[in-house]
Amino acid sequence: MASFFIPLTGLESDSIALNTIANNLSNMNTTAFKAQTTNFSDLFYQEVGASGAGNPIQVGAGVQVASNETSFTQGAINSTGNNTDVALNGNGFFVVNSGNGSYEYTREGNFSTDTSGNLVAASGMSVMGYPAANGVVNTNAPLTAVNIPVGQVQEPQATSTLSMTANLDAVADTGTQFPAQVTVYDSLGEPHVATVTYQETANNAWSYSVALPAADFASGKSTPITGTMTFDASGNLTTIEPAGATAPSTVGTAAGDVSSIALSFTGLADGANDLKISWGLLGTSGTPTISQVDTASAVASTKQNGFASGQYQSFSIGSDGTVTASYSNGQQEKVGQLALANVSNLQGLKLLGDGDYSTTLASGTASVGVSGTAGLASMQDASLEASNVNISAEFSDLIIAQRAFEANAKSVTTFDTVTQDTINMVH
């Protein structure tokens, strides 16, 4: 007697395949969606006899769905111009906090900020990363919600170091002065113009004077910080002698040498802390930044590390996941770094919807790190990963699945006819 069970298993399996294809096509525009493929395997076999040679005669019982395999191939990366969007290029997932003490994982990078400034995924869950303190990310710290300082003001930073790359004219007349200026900041963020005046006192010898405008002081009087500096026959700065010193000091990096001049301004009119600045005389290579050669006196560049307070303006995400906030004072500060995770068996992940996954015993526990380590992806700011659904392949699979469904349906009608004929034989 014909078994309706066999074609029914085919219809059920083909229905799952059709649903999978339909789900792929319906999500072809879903951010970072990963297409699935339905795989089949045969069911058990019934032994109905043996051939004359002793070979078993077996009849199959139908088909079953062996797996619904997810393709984790890379989707195309499309620029959006939205700084809260970020795309993964490579392996791994963003880590999000489900709110119940466990983490979930997603490749959807269409983030936004909530009312507290936390970076959140489209599902509303917090995006996790490594914290930063004073602009330094600590990747050894526990994961925390990435927080953007929306609406916050960056505290001012008093200038504590400055440097000046300059040349003094070696053939200038004795008494020639050359002024240079650099803006510095006090502890309240107030800017002050520091004027450095160089004056040639003899061959290869110059005096220096560093002063702020008189209005910067509560007393209304500005007392400059002075000293002398000398150069060798090649124009290299060799010694400095601040006013009040008993002897000149050699400029250099050897033991006993000096590499900076201490500047201190007290009694500021705005009530800020005393302004204490180290004027660096050496560049990164250890050579002096002030020279004396036969060319016009000029300042090539100045640097100082102070700044006024600033209002938060925007943030960006680097290719390594570092989140950097920008302020109205021109300063940038690292506020965290996005964490990435991966598992040893991607097919073991549980699909939760909203582009989220959770780990299972089959997937193994997630290993967490940062972009560029342990094979984890790089990131692209203001971009999103597209779905990896291949519409041409899906249409081809759709036709095959449709034909298979029709064939199994035909088997059912054929079995029905055979069964009816058998019944009619009885009558």
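The values are calculated or read from the model by the stated rules, or taken from the named source; none is laboratory data. Computed from a predicted structure; not experimentally measured. Cβ coordinates were reconstructed from backbone atoms using ideal geometry, including for glycine residues, and neighbour counts include every protein chain displayed. Quick note on the areas: whole protein, heavy atoms, side chains included, nothing else; ligands and nucleic acids left out. Shrake-Rupley method; radii C 1.70, N 1.55, O 1.52, S 1.80 Å.
Quick look at the values:
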| item | result |
| --- | --- |
| Pairs of alpha carbons in segment 338-425 whose separation is greater than 19 Å (percent) | 68 |
| Where the Cα pairs of the chain fall when distances are cut into 10 Å bins, in % | 4, 15, 16, 13, 13, 12, 9, 6, 4, 4, 3, 1, 0, 0 |
| Estimated inter-spin distance, Ala233 and Val412, nm [label 7 Å along Cα→Cβ] | 10.6 |
| Whole-percent carbon and sulfur share, accessible surface of segment 238-329, 1.4 Å | 48 |
| Net dipole in debye of the chain [+1 Lys, Arg Cβ; -1 Asp, Glu Cβ; about Cα centre; nearest 20] | 260 |
| Calculated from backbone phi, Karplus (6.51, -1.76, 1.60) coupling profile of segment 100-108 in Hz, x at Gly/Pro | 10, x, 10, 9, 10, 9, 8, 10, 6 |
| Radius 14 Å from Cβ of Asn89, net charge of other residues (Lys, Arg +1; Asp, Glu -1) | -3 |
| Spatial extent of segment 292-396: Rg and Dmax, with the Cα atoms as the point set, Å | 23.2, 79 |
| Estimated D of segment 74-186 in µm² per second, where Rh is the Kirkwood radius over Cα pairs and Stokes-Einstein applies at 10 °C, 1.306 mPa s | 85 |
| Rounded to whole Hz, the Karplus (6.51, -1.76, 1.60) HN-Hα couplings of segment 284-301, x for glycine and proline | 5, 7, x, 9, x, 8, 10, 10, 9, 10, 7, 7, 4, 4, 7, 9, 7, 6 |
| Where N is the number of residues in segment 251-325, Cα Rg divided by 2.2 N^0.38 Å | 1.64 |
| Ser396-Ser116 pseudo-label distance in nm [points 7 Å out on the Cα-to-Cβ vector] | 5.0 |
| Residue among Ser316, Phe44, Ser411 farthest towards the positive dipole end of the chain, charges placed on Cβ | Phe44 |
| Residues with amide H under 5 Å from that of Gly62, placed H, sequence gap 5 or more | Leu43 |
| Whether segment 1-158 is rounded, prolate or oblate, judged on the alpha carbon gyration tensor where a/c under 1.5 counts as rounded | prolate |
| Dipole-positive endmost among Gly267, Ala233, Ile277 within segment 165-282 (Cβ charges, Cα centre) | Gly267 |
| Calculated FRET efficiency for the pair Ser328/Asp257, C-beta based, R₀ 41 Å, to 0.05 | 0.50 |
| Dipole of the chain [Lys/Arg +1, Asp/Glu -1 at C-beta], most positive-end residue of Gln420, Ile57, Ala382 | Ile57 |
| Mean Cβ count within 10 Å, highest first, over the residues of peptides 238-245, 382-389, 223-230 | 382-389, 223-230, 238-245 |
| Note, ³J(HN,Hα) from phi for segment 253-265, Karplus 6.51, -1.76, 1.60, rounded to Hz, x at Gly and Pro | 10, 6, 4, x, 7, 10, 10, 7, 10, 7, 10, 9, 10 |
| Thr165-Asn83 FRET efficiency (beta carbon distance; Förster radius 41 Å; 0.05 resolution) | 0.75 |
| Extension gain, Ser123 back to Thr246 (0.36 nm per residue minus Cα-Cα distance, nm) | 37.3 nm |
| Point-to-point label distance, Lys303-Ser319, nm (Cα→Cβ direction, 7 Å offset) | 2.4 |
